[in-house]
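The values are calculated or read from the model by the stated rules, or taken from the named source; none is laboratory data. Keep in mind it's a predicted model, so treat the numbers as computed, not measured. Positions of Cβ are backbone-derived with ideal geometry, glycine not excepted, and every protein chain shown enters the neighbour counts.
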Amino acid sequence: MNDADTTQPTATDTDARLHALDARLERTNELLQRMLAEVAKTPSTHAIFVDAGYVHAAAGLLVTGTEDRRSFDLDAEGLIEAFIDKARTIFADSRLLRVYWYDGARRRIHTPEQQAIAELPDVKVRLGNLNANNQQKGVDSLIRTDLESLARHRAISDAALVGGDEDLVSAVEAAQGYGARVHLWGIEAAEGRNQAEALLWEVDSQRTFELDFCRPYVTRRPVTTYENEGEPPPSREEVRFVGAQIAATWLAERGRDRLAELLPGAPYLPGPVDQDLLVEAERLLSRSLRGHASLRRALRDGFWQHLKAQY
């Protein structure tokens, strides 16, 4: 039996295969160079993430000496424009995706101020909840969701984060995990620090805006005095009636669940509730109750009397 004939590749066949391989490599390199050229022509993109609660507290304390929003006005539009201008300088070869403005609101319903901010170009307002003590809830999780999603989809290459809460560390780590760079922007602390050390450690860069930067955008509200010379102070019964009026509005807005939480503390009120009660009563009476301890007790009595009657 004859062995089967085996055909050995000739030198010509080998040269042809090598030539074809070289051609494919050349084509691959050409396509890669084109792709890199297109990537180089595509501008990088940045976004600005602003924790409004941090901005109000830090800027208010720095400029006016108080964190209480009721004591000053914040020019949010002007401040946002200043942030955009600063980002344009820092990220010179990048385009702005948008500014995200995170704030709290009761039942996540926009206030008139938040509506005005939402109408600004290139600005998106995202709302967490605001509890009975005027504390923001859910804002940090919103920031994390947006940061992570935009980084994952390569929608941004850089993120400027204006905030200071340690809970934002996970948001920073999530964005960095997808290749985005996160830059922490802060407002000069009136004393000590207003940004968590753990947050400072995780970010790619840090920047602090000082008093001169913040001052044009924060204005202390004038102190309203209700005292009218020669007029007697309101009576205890009048003040007690106003306290009941305010209690009726308070209950309608917050509901019986919140009332059940408040009742065990009677006859005392939590600080924020007591302060709101005083401010609203002075507005309705057009008179100051500061320095009138007996009238303030009457105000609380009227407030509690109405709430207990409804329980």
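A few points about this structure:
- Residue within the stretch 100-110 that is touching an Asp or Glu at 6+ places or on another chain (Cβ under 7 Å) and either at pLDDT below 90 or in a strand (DSSP E or B) (or both) present: yes
- Given (1) within 30 Å of Arg70 (Cβ to Cβ); (2) of a type in the set (A, V, I, L, M, F, W, C); (3) within 16 Å of the chain's Cα centre (by Cα); (4) part of a helix (DSSP H, G or I), index of the condition Val172 fails: (1)
- A Cβ distance below 7 Å, combined with a sequence gap of six or more or placement on separate chains, defines the contacts here; from the stretch 240-263, residues that are in the same structural domain as His292 (by the TED database) reach residues that are outside any helix (DSSP H, G or I) in the pairs Arg254/Ala132; Arg258/Ala132; Leu259/Tyr311; Leu263/Tyr311.
- Long-range neighbours under 9 Å by Cβ, at least six apart or interchain, first residue in a loop (DSSP other than H, G, I, E, B) within the stretch 76-92, second charged (D, E, K, R): Phe91/Asp158
- Residue selection: Arg207 satisfies the criterion of being under 30 Å from Ser94 (Cβ atoms) and either modelled with pLDDT of 95 or more or surrounded by 12 or more Cβ atoms within 10 Å (Cβ to Cβ) (or both).
- Residue match in the stretch 67-75 (condition: at pLDDT 85 or above, touching a Leu at 6+ places or on another chain (Cβ under 8 Å) and assigned to a strand (DSSP E or B)): no
- Checked against the criterion of being surrounded by fewer than 19 Cβ atoms within 10 Å (Cβ to Cβ) and either among the charged types (D, E, K, R) or in contact (Cβ under 8 Å) with a residue 24 or more places away in the chain (or both), the candidates Asp146, Asp122 yield just one match: Asp122.
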